[in-house]
Amino acid sequence: MKTSFSYFLLVTFLLIQIGQIQAQNSSVSGTVYDENEEPITFANVLLLQQQDSVLVKGVTSNDQGNYLIENIAAGNYILNISLLGFKPYFKQLQLQDSQEILNGITKLEGQNQELEGVAVVGRKLLYEQKSDRLILNVGSLPTFTGNNALQILQKAPGVIVQENSNSISLNNKGEVLLMINDRISRVPQGVLIQQLKGMRAENIDRIELIHQPGAKYDANNAAGIIHIVLKENSIYGMSGNTSLTVGIGQREKFSGNLDLNFRNDRLNIYANTTGFQNKSPLWSVNHFREYEFEGDQYYYENRLNFTNPTFNSISFNLGADFEIDKNNIIGAVFGFSKSNMSGVDFKSNSTGAMNQMSNTNSQFLMGMDNPNRNSFFNLNYFRKLNPNSSINIDMDRVALDVQNFSGLTFIDLSSGQEMIEANRNSNFEIYTVKADFERKTENGTKLETGVKGTFNNSNTVSQRRTRNSGVWSENTSFRMNDDISETILGAYASYSKKWNEKWESDLGLRLEHYNYELTDAEGNNDFMVTYNNLFPVLRTSYVIDSLNTMTLSFNRRIERPAFMKIAGFNLLIDPSLFVTSNTRIRPSFTNAIRLTYQLRSFLLAVEVNKTRGAISFYNTVDKEQNLQTSTPINFDSMSGVLITMSFPVKVSKLWKMNWNLDGAYKKVKDASNRPLPFEKGVIGVTAQLTNVFELGNSWTANIDGRYMSPFITGDQVHYLRHFVNFGISKKFKNESSLTFSIQDITASSGNIDWEYEQPELGVKTYGNNDFSERVFQVTYSFPFGNQKVKEKRKRVTGSQEERNRM
């Protein structure tokens with residue numbers, strides 16, 4: 001850590017020294033945006049002689065949309081900015097000696113171009129790098145059609161999806177905050193996984209991986225934010241899009257999607273419905289434990305096979321925006337979704353031995369039912385105060401009902417035990433109110449400030465009961481009845497400034513008040529915690545030249561425990577193997593420094609981070625009771641160094657590759673929660689490759705894959721298997737498309753091995769899960785209705801920012 005910090009200071013010093021060097025000749029600089037105020041990468045910026053239009057100099061815009069033409073002699077010129085798919089821009093310039101012209105922001109208007117009767121529309125790069133985020137442009141790759149959002153996330157660089165544990169992490173830094181159209185999703189992780197399965201790639205424009213979010217975002221989740229941006233329908237009149245996907249793996253798969261949109265000069269009404277059903281004949285989850293107790297060696301295993309589990313989901317959204325006048329817009333959105341994972345007669349086999357002599361052999365039939373419902377309602381008011389300033393006010397209400405049931409039926413009834421059941425019912429009600437103010441100036445200054453209040457109330461009842469000889473009895477030690485009240489009040493201010501054509505800075509500060517109260521109706525475990533914290537965000541960028549940029553940033557973030565880690569629950573796997581909650585987990589705090597270097601589309605980033613009180617699962621064995629448990633706790637610390645590198649390779653006109661390479665060292669320490677201290681460090685590498693083939697005649701194909709070496713999560717070392725996917729797509733003249741894909745060709749993406757070992761305690765737990773399935777699927781998608789485009793406003797709402805922690 002000291003060495004890394006020394007390098008950090010050295011690089012900072014060099015950047016400052018470089019910044020002292022001033023250009024001696026004339027120059028022209030500026031920024032290129034599209035109509036949605038998104039930076040345009042690789043726009044051609046040409047300086048032409050005014051008298052004969054002869055090219056003098058030319059550059060391309062970088063990933064922030066910035067360009068700089070240096071060492072220009074005095075004279076009269078024409079500035080030309082162009083890119084395929086946009087109308088070209090021209091401007092006359094007159095330069096004096098040693099003059100610096102700041103051309104400000106240039107907005108290019110989109111257009112379709114006709115080449116020999118074929119419509120050609122500009123397509124974004126698959127990956128784009130911004131100062132604080134990496135963008136995966138889902139809409140740029142037609143073969144993503146037919147995938148769901150969870151599958152797309154799995155292909156995103158650095159994203160680790162572990163469906164078996166309902167986990168989504170970024171660069172193995174912990175759970176991420178998931179945003180959908182600027183609204184953070186605050187639903188239980190298991191519910192969120194099902195919702196992402198129901199979200200179709202056809203509706204996704206891009207996925208933004210925000211490693212160090214600005215002050216305007218909630219400070220929650222140290223790993224960063226994954227922002228899913230859905231496509232905007234800017235078509236005038238009545239229009240829509242629909243898609244249908246059928247697939248076959250071990251069992252059949254079905255999904256469908258329908259989007260409707262109506263727009264006139266002042267009113268926009270939009271609706272969407274999505275549904276899917278997924279059946280799989282066989283999944284497996286295996287647990288093993290070895291331990292020493294009173295001089296004897298014990299071994300125990302449980303093998304659970306999920307036979308024919310069924311997943312289904314349906315969601316519906318309806319919204320409207322009304323333009324009162326050119327400066328005022330009001331809007332409302334309502335959404336509802338429900339999903340379930342269920343199955344019966346899953347086989348659970350448990351065996352045990354002492355000193356290599358068998359002493360336990362039990363067989364069970366397991367049943368599972370996990371229905372949940374989620375609804376939200378949002379009101380939004382947007383006012384444009386003047387050409388450079390605006391205010392946005394947002395109010396949300398979210399209601400959730402989550403149920404979990406699991407039961408074990410004993411096949412051998414000789415012991416008198418017949419059945420064990422565990423169930424939980426959780427109800428949540430969340431209110432969010434926020435207001436944001438934004439002001440931009442023509443000299444490159446931007447000021448943002450806002451306030452936000454979130455008020456969460458929930459009740460969770462969980463119990464465990466046993467049937468012996470036909471008589472039910474409840475094990476009261478497992479009964480929980482918890483009321484949770486949570487208040488989060490936040491205020492922020494953010495200032496960004498482009499000082500000159502070389503230097504640009506962002507400074508943000510967020511203040512949060514956090515109060516958490518738990519009332520235990522079953523016992524005396526009431527608990528309350530209050531925090532008041534400041535979260536700074538510092539970022540500065542230096543443009544070395546038109547092709548090279550360096551960015552240095554620092555931020556501090558908090559990770560509040562997910563509701564399902566503090567609300568009472570017991571996940572029953574076998575009578576001696578279960579996962580429990582912990583009502584006394586506290587938030588963790590992370591400091592991170594990140595340095596990035598960018599040369600065109602080549603990116604190199606180094607990050608050093610340290611987390612105090614990191615939240616993860618503590619896996620151990622109660623030797624006297626022969627119980628294996630997994631409970632979330634606050635580890636003493638987790639620290640890491642992360643190096644990432646990404647770059648495209650153009651093999652030929654038809655074949656393009658995108659490489660994403662990660663290397664990381666992560667160290668975990670914990671002595672406060674254990675009989676003896678635990679310390680472990682792991683070095684891991686990840687390689688991810690996407691191949692895109694432009695086959696001509698509107699055919700596109702892709703092959704993508706990933707390899708990961710073992711990495712550490714909490715006190716467990718995990719090993720995720722590799723995966724390979726293939727897709728080919730044809731786009732027709734009526735804008736419809738047909739896509740065929742093979743997901744997880746090697747049938748290995750859902751295979752994970754894990755292990756926890758602490759020899760000084762004489763304990764080792766390990767296991768493997770296999771949720772893999774090779775799936776062949778076909779998707780047909782087609783638009784309908786009017787094709788006249790009208791600009792759509794960018795909608796920002798609040799409560800989805802609150803719903804992911806659950």
**Message:** If Asn468 meets every condition in (1) under 30 Å from Arg383 (Cα atoms); (2) touching an Asp or Glu at 6+ places or on another chain (Cβ under 9 Å); (3) polar (S, T, N, Q) apart from one, which number is that one?
**Reply:** (1)
**Lys347 being in contact (Cβ under 8 Å) with a residue 12 or more places away in the chain, within 30 Å of Thr445 (Cα to Cα) and assigned to a strand (DSSP E or B)** = no
**Filtered residues of the stretch 600-624 (kept if in contact (Cβ under 8 Å) with a residue 60 or more places away in the chain and among the charged types (D, E, K, R))** = Arg600, Glu607, Lys610, Lys623, Glu624
**Fill in**
Taking the stretch 664-679 and keeping only residues that are of a type outside the set (Phe, Trp, Tyr) and surrounded by 14 or more Cβ atoms within 10 Å (Cβ to Cβ), one is left with Ala664, Lys666, Lys667, Val668, Lys669, Asp670, Asn673, Arg674
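For the stretch 502-525, check the following and say yes or no: at least one residue is without any contact (Cβ under 8 Å) to a residue 12 or more places away in the chain, β-branched (Val, Ile, Thr) and at negative phi.
Checking the stretch 502-525: not a single residue is without any contact (Cβ under 8 Å) to a residue 12 or more places away in the chain, β-branched (Val, Ile, Thr) and at negative phi.
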**Message:** Can you go through Leu379, Leu408, Leu400, Leu447 and tell me which one is touching a residue at least 24 places away in the same chain (Cβ under 8 Å), part of a strand (DSSP E or B) and in contact with a helix residue (DSSP H, G or I) (Cβ under 8 Å, 6 or more places away or on another chain)?
**Reply:** Leu400
**Request:** Among what's in the stretch 321-342 and is small (Gly, Ala, Ser) and within 30 Å of Phe311 (Cβ to Cβ), pick the residue that is farthest from the chain's Cα centre (by Cα).
**Result:** Ser342
**Asked** Does Tyr67 satisfy being at pLDDT 85 or above, in contact with a strand residue (DSSP E or B) (Cβ under 8 Å, 6 or more places away or on another chain) and closer than 16 Å to Asp545 by Cα?
**Response** yes
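Could you identify the single residue in Met357, Met366 that is among the hydrophobic types (A, V, I, L, M, F, W, C) and touching a residue at least 24 places away in the same chain (Cβ under 8 Å)?
On the way: Met357 fails: touching a residue at least 24 places away in the same chain (Cβ under 8 Å).
Just a single option satisfies the conditions, and that option is Met366.
Which of the residues that make up the stretch 303-344 are charged (D, E, K, R) and free of Cβ contacts under 8 Å to residues at least 40 places away in the same chain?
Selection gives Asp325, Lys338.
How about the stretch 468-571: which strands (runs of 3 or more DSSP E) wholly inside it have at least 1 residues that are crowded, with 16+ Cβ neighbours inside 10 Å and touching a Lys or Arg at 6+ places or on another chain (Cβ under 6 Å)?
By residue number, 480-498, 503-520, 527-543, 548-559.
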**Request:** Consider Ile411 carefully, then state whether it is surrounded by 18 or more Cβ atoms within 10 Å (Cβ to Cβ), modelled with pLDDT under 90 and of a type in the set (Val, Ile, Thr).
**Result:** no
**Asked** Does at least one position in the stretch 575-583 carry a residue that is of a type in the set (Phe, Trp, Tyr), more than 21 Å from Ile210 (Cα to Cα) and in contact with a strand residue (DSSP E or B) (Cβ under 9 Å, 6 or more places away or on another chain)?
**Response** yes
**Request:** Determine which member of the set Asp265, Asp259 is among the acidic types (Asp, Glu), in the same structural domain as Phe346 (by TED's automatic domain parsing) and surrounded by fewer than 20 Cβ atoms within 10 Å (Cβ to Cβ).
**Result:** Asp265
**Request:** Pull up the stretch 624-649, narrow it to residues that are modelled with pLDDT of 90 or more and outside any strand (DSSP E or B), then point me to the one that is nearest to the chain's Cα centre (by Cα).
**Result:** Phe635
**Message:** Looking at Asn500, Asn443, Asn524, can you tell me which residue is assigned by TED's automatic domain parsing to the domain that holds Val402 and more than 29 Å from Asn386 (Cα to Cα)?
**Reply:** Asn524
**Output for the stretch 325-354, where each listed residue is aromatic (Phe, Trp, Tyr) and at pLDDT below 90** = Phe346
**Request:** Look through the stretch 583-604, keep the residues that are outside any strand (DSSP E or B) and of a type outside the set (D, E, K, R), and return whichever of them is nearest to Thr551 (Cα to Cα).
**Result:** Ser601
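Let's see how each residue does on (1) touching a helix residue (DSSP H, G or I) at 6+ places or on another chain (Cβ under 8 Å); (2) surrounded by 17 or more Cβ atoms within 10 Å (Cβ to Cβ):
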residue	(1), (2)
Gln297	no, no
Phe306	no, yes
Ser313	yes, yes
Met341	yes, yes
**Message:** One residue is enough: does the stretch 255-265 have a residue meeting the conditions in contact (Cβ under 8 Å) with a residue 24 or more places away in the chain, basic (Lys, Arg) and out of contact with any Ser or Thr (no Cβ under 6 Å at 6 or more places or on another chain)?
**Reply:** yes
**Residue match in the stretch 421-444 (condition: more than 22 Å from Leu534 (Cβ to Cβ), of a type in the set (Val, Ile, Thr), at pLDDT below 90 and assigned to a strand (DSSP E or B))** = no
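The values are calculated or read from the model by the stated rules, or taken from the named source; none is laboratory data. Worth saying up front: this structure is predicted, and the values here are computed from it rather than measured. Glycine gets a Cβ as well: all are built from the backbone with ideal geometry, and neighbour counts include every protein chain shown.
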